[in-house]
Amino acid sequence: MSYEEILLFALGAVGVIILVHWVTEKTGLPAAVLLTVVGIVYSYLPGHNLILDEHIILYFILPPLLYNAALDSSLLDIRRNMRTVISLSVVLVLITALLIGVGFSYWVAGATLAAGVALGAAVAPPDPVAALAVGRKAGLPGKLITLIQGEGLLNDATALTLLTVAIAAQQNGDFSFPSAVGQFVISATGGVLIGVAVAYIVRFLRPLRSDPLSANALSIITPLAAFLVAEHWHLSGVLAVVVAGLMVGHDTPRYTTGASRLQTSAVWRLIDFLLEGVVFLMIGMQVRAIVGALGNYSWTQITIALSITLGAVLLIRPLWLVITQLLPRQLHLRLGGQQDDDTEDSAKEAPINGREVTALSWAGTRGVITLAAIFALPQDFPNRELLVFCALVVVLVTLVGQGLTFAPLVRWLGLRADKKDKARLRNEARSAAVQAALNRLDDIQEEQHDNVEDEAIEQMRKQLQVRLDRYRRRLDLLEQVESQEVPSSPQYEAALMVRQAVIDAEREELLRWRDAGRLSDDNLRVLNRELDHEELVLPKRPGSH
């Protein structure tokens with residue numbers, strides 16, 4: 001492809017991503033599914049088609065996506081649910097991969113155990129992007145969101161490490177379980193240590209993070225650096241990126257300015273939006289080339305291979321979730337529940353119930369990591385075309401089938417986040433924050449100051465008191481309502497409406513000044529940014545506060 005064709009292709013891809021996003025907002029259909037379907041259609045059109053390059057995926061696309069997901073996750077929540085996350089992201093991935101490997105070695109003609117394990121490692125880790133996007137819109141409870149996030153962050157490291165072991169075993173002609181376990185432990189441990197080191201380096205550079213532009217640049221290069229260093233030492237680059245993202249995200253509120261956080265968050269939303277869109281388009285574009293490479297295989301081989309792969313992916317996950325709930329708590333594999341009876345601040349949640357197990361079972365959509373992993377197989381790898389085809393079918397079946405039905409399933413199960421509790425918690429936190437600000441004003445007033453400071457303190461005290469009274473009235477209203485939905489307050493909604501109308505009026509007046517030549521565009525941008533920040537804190541709809 002010429003440079004002009006590449007540019008046209010990139011512009012067309014961005015246009016499709018924007019269009020699909022608009023359709024998603026209007027219809028509620030998962031963007032990942034729509035983009036994949038568009039990619040499939042494009043692959044059968046005449047003209048150039050892009051073939052997925054696993055190195056670009058692994059080095060330039062996967063690290064930013066994982067890092068941004070880690071930044072948005074909660075280190076404390078994942079630590080609190082660590083045994084559950086490990087059960088899903090390590091144990092379940094290993095069991096799935098090994099069972100597929102055994103199935104291939106016994107029933108697929110010409111396949112080896114190492115080849116089957118390589119395929120199993122590729123298809124075992126769910127990609128939570130589609131499931132989380134649908135789950136959040138459907139109101140999935142926060143506990144399940146945390147489990148899906150934690151599983152999605154760590155299972156890629158398990159799968160890619162196991163894939164490396166399987167490729168080496170195939171090339172050496174022997175798959176040794178003790179050797180595989182040892183290599184896995186070394187790679188995972190090293191990846192964690194690299195991630196911790198990168199996070200501490202970022203913390204050390206916190207003076208740079210006070211400047212929004214420097215903070216953005218540092219944030220973008222962090223996942224790439226973590227992945228590159230870990231892979232250079234043959235350790236888990238994915239785990240290094242995830243650990244660094246969790247620690248940096250945990251430190252961000254403490255070590256960065258508000259302006260840096262706003263800008264960095266906006267930049268990462270854009271990066272995530274474009275990269276995810278390109279990835280799912282690319283998944284669909286691989287269909288034609290992969291199907292066309294199956295000429296050397298019989299329908300019997302293809303059917304048996306697909307049956308083993310799809311059966312393992314669709315059945316092992318729900319079986320594992322059910323089995324872990326039946327095991328004794330002493331084995332530390334049950335999902336949910338109090339993590340440590342001897343720890344006072346441990347999470348005292350009820351174990352995962354049947355409806356939640358069903359939702360988690362159906363949240364196992366596969367995506368970019370599956371295809372990136374399977375394409376990483378050497379060109380001379382035995383049965384490579386068949387393995388790639390099986391991985392593609394798994395991605396399409398789970399992404400389209402489970403992606404389209406996940407939201408209806410969540411609604412049918414009656415799994416809804418408790419909006420009332422969330423609103424109560426937020427208002428309690430707001431009240432506590434305002435009370436702390438009032439206490440700080442008392443401390444300032446006790447110090448030596450002049451009359452000008454007295455006036456400033458009094459004005460600020462009045463503003464804070466108004467906010468505190470509003471939050472307390474909101475809490476009283478939440479306590480009085482028995483339903484789980486967030487009650488509407490006419491006074492609160494009226495105040496929001498008035499504040500929005502005032503901001504709109506201010507913005508329109510500034511535009512009139514600019515259009516009349518009384519205000520430069522440079523000054524308009526500064527003043528408009530101030531209004532944008534005020535508007536940003538206003539709830540977008542009733543019940544989100």
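The values are calculated or read from the model by the stated rules, or taken from the named source; none is laboratory data. The shown structure was predicted, so the numbers you read here are calculated from the model rather than taken from an experiment. Cβ: placed from backbone, ideal geometry, glycine included. Neighbour counts: every protein chain shown. All accessible areas refer to the heavy atoms of the entire protein, side chains included, with ligands and DNA or RNA removed. Shrake-Rupley method; radii C 1.70, N 1.55, O 1.52, S 1.80 Å.
A few notes on this one:
- Over 14 Å [Cα-Cα, the stretch 66-142], rounded percent: 71 percent
- The charge dipole of the chain, taken about its Cα centre with unit charges on the Cβ atoms of Lys, Arg (+1), Asp and Glu (-1) only, comes to about 1340 debye.
- Here the chain exposes an accessible surface that is 62 percent carbon and sulfur, computed with a 1.4 Å probe and the other protein chains kept in place.
- Candidate residues D476, D251: accessible-area rank, largest first, probe 1.4 Å: D476, D251
- Taking the chain and dividing mean pair separation by its residue count, relative contact order in percent (alpha carbons under 8 Å, at least six apart): 20 percent
- Rough spin-label spacing in nm, given labels placed 7 Å along Cα→Cβ, for D515 and I444: 3.9 nm
- Computed magnitude of the charge dipole of the stretch 182-268 (debye, nearest 20; Cβ of K, R +1, Cβ of D, E -1): 240 debye
- Rolling a 1.4 angstrom probe over the protein heavy atoms with all chains in place gives the stretch 114-263 an accessible area of 39 Å² per residue.
- Look at the dipole of the chain built from charges on Cβ: of I56, G101, L224, the Cα furthest out on the positive end belongs to G101.
- Candidate residues F273, F280: accessible-area rank, largest first, probe 1.4 Å: F273, F280
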